[in-house]
Amino acid sequence: MIDKALKHLASQIDDKVNQLQEALASGSAKDYTEYKAMVGEIKGLLTARLNITDLQKNVEESDDD
């Protein structure tokens, strides 16, 4: 059950990162401050995504034991 929840959370993060990347690519940032905020949000989401991936691996390994 936890694996399904982690996959769902990771998918939501991936969707949000894609939305932000598309917004940046289309030039939607009004100024440099907004651009930096969007880039910071992407970096934070990708860090969270990496942590979720690590947690998924740990859960899978503990299930194997």
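The values are calculated or read from the model by the stated rules, or taken from the named source; none is laboratory data. Everything quoted here is computed from the prediction, not taken from an experiment. We place every Cβ from the backbone using ideal geometry, glycine too, and count neighbours over all the protein chains shown. With ligands, DNA and RNA removed, areas are computed over all heavy atoms of the protein, side chains included. Shrake-Rupley method; radii C 1.70, N 1.55, O 1.52, S 1.80 Å.
Laid out as a table, the results:
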| item | result |
| --- | --- |
| Count - residues of segment 19-40 that are in a loop (DSSP other than H, G, I, E, B) and surrounded by 11 or more Cβ atoms within 10 Å (Cβ to Cβ) | 2 |
| Failed condition for Gln12, given (1) open to solvent by 80 Å² or more (accessible area, probe 1.4 Å); (2) more than 18 Å from the chain's Cα centre (by Cα) | (2) |
| Residue identified as among the basic types (Lys, Arg), in contact with a helix residue (DSSP H, G or I) (Cβ under 8 Å, 6 or more places away or on another chain) and either assigned to a helix (DSSP H, G or I) or in contact (Cβ under 8 Å) with a residue 24 or more places away in the chain (or both) among Lys16, Lys43 | Lys16 |
